[in-house]
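Have a look at the structure below, then the notes.
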Amino acid sequence: MEEQFILRVPPSVAERIERLLNENASSSLDGSLDVSFSEDGRSGTFMIGDERFPASLLDLPCIVESYKTYDDNVLIKTADVGQMIMVRDEGDAAVEGVEYKHGLTPPMRDARRRRFRREPDLNPEVVQRVEKDLLNIMSGGTVENVETVVPEAGGQRKKNAPVAAPKPDEVHVKSAGGEPERSDSDDSLEPES
């Protein structure tokens with residue numbers, strides 16, 4: 001599969017990129033495109049011609065599949081896209097965090113909050129203790145630091161479980177002829193004479 005990403009740019013930059021792609025590169029004033037990132041790998045600079053724009057590499061809230069076709073009938077999957085380079089104008093504020101909270105289409109607006117379950121707040125110490133206890137149990141040992149509850153002598157009483165009513169051994173249904181109806185399984189219980 002190919003490696004792909006999404007490049008989201010302001011409308012003014014999009015017009016310049018479209019002009020650059022449609023025209024001959026040597027005749028255009030915006031002759032070059034370049035993206036460079038800083039040491040953290042998440043923030044950088046997008047350059048078109050001599051102009052620089054701040055850019056950020058953001059994770060999308062879900063993976064987007066991209067397809068291509070040669071004959072308008074058969075679609076071929078080319079990549080799973082999980083990141084986007086967002087270019088902004090010089091005065092625009094940067095997106096907080098490393099994950100873009102919206103998807104690519106209007107129905108995926110604020111997708112992380114609206115469509116996905118919250119991650120549970122787990123105490124790392126509890127997770128490590130449970131993992132250690134599971135490894136001890138799997139290796140044939142016992143669990144350490146377990147509190148056992150012993151009922152007190154004068155404690156609360158348990159209610160007795162209800163007893164089911166006894167079922168009759170045989171139920172005979174009389175047929176129109178006066179004899180009980182029998183099934184094939186009833187014949188196997190009686191000895192042959």
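Some observations on this one:
- Residues that are part of a loop (DSSP other than H, G, I, E, B) and aliphatic (A, V, I, L, M) were ranked within the stretch 109-148; the one that is surrounded by the most Cβ atoms within 10 Å (Cβ to Cβ) is V143.
- Scan of the stretch 45-68 for residues that are among the acidic types (D, E) and either at pLDDT 90 or above or assigned to a strand (DSSP E or B) (or both), ordered by number: E51, D59, E65
- Taking the criterion of being under 17 Å from S66 (Cβ atoms), part of a loop (DSSP other than H, G, I, E, B) and among the hydrophobic types (A, V, I, L, M, F, W, C), the only residue of the stretch 77-108 that qualifies is L104.
- S28 passes every criterion in (1) under 26 Å from V95 (Cα atoms); (2) in contact with a helix residue (DSSP H, G or I) (Cβ under 9 Å, 6 or more places away or on another chain); (3) modelled with pLDDT under 85 apart from (1).
- The residues in the stretch 52-76 that are more than 19 Å from the chain's Cα centre (by Cα) and closer than 28 Å to P107 by Cβ can be counted, and the count is 11.
- Residue match in the stretch 43-51 (condition: hydrophobic (A, V, I, L, M, F, W, C), touching a helix residue (DSSP H, G or I) at 6+ places or on another chain (Cβ under 7 Å) and over 27 Å from R109 (Cβ atoms)): yes
- Residues located in the stretch 27-55, provided they are among the small types (G, A, S) and loosely packed, with under 11 Cβ neighbours inside 10 Å: S27, S36, S38, G41
- The residue that is surrounded by the most Cβ atoms within 10 Å (Cβ to Cβ), counting only those in the stretch 1-25 that are at pLDDT 85 or above and small (G, A, S), is A14.
- Matching option when the condition is small (G, A, S) and out of contact with any strand residue (DSSP E or B) (no Cβ under 7 Å at 6 or more places or on another chain), among G103, G82, G44, G49: G49
- Checked against (1) among the aliphatic types (A, V, I, L, M); (2) surrounded by fewer than 14 Cβ atoms within 10 Å (Cβ to Cβ); (3) closer than 24 Å to V35 by Cα, L58 meets all criteria but (2).
- Within the stretch 1-23, tally of residues that are assigned to a helix (DSSP H, G or I) and either of a type in the set (S, T, N, Q) or within 28 Å of the chain's Cα centre (by Cα) (or both): 2
- Test: residue in the stretch 87-95 that is surrounded by fewer than 10 Cβ atoms within 10 Å (Cβ to Cβ), under 19 Å from the mean Cα position of the chain (by Cα), at pLDDT below 85 and of a type outside the set (D, E): no
The values are calculated or read from the model by the stated rules, or taken from the named source; none is laboratory data. Keep in mind that what you see is a predicted model, and the values were worked out from it rather than measured. As a convention, Cβ positions derive from the backbone with ideal geometry for all residues, glycine included, and neighbour counts pool all protein chains shown.
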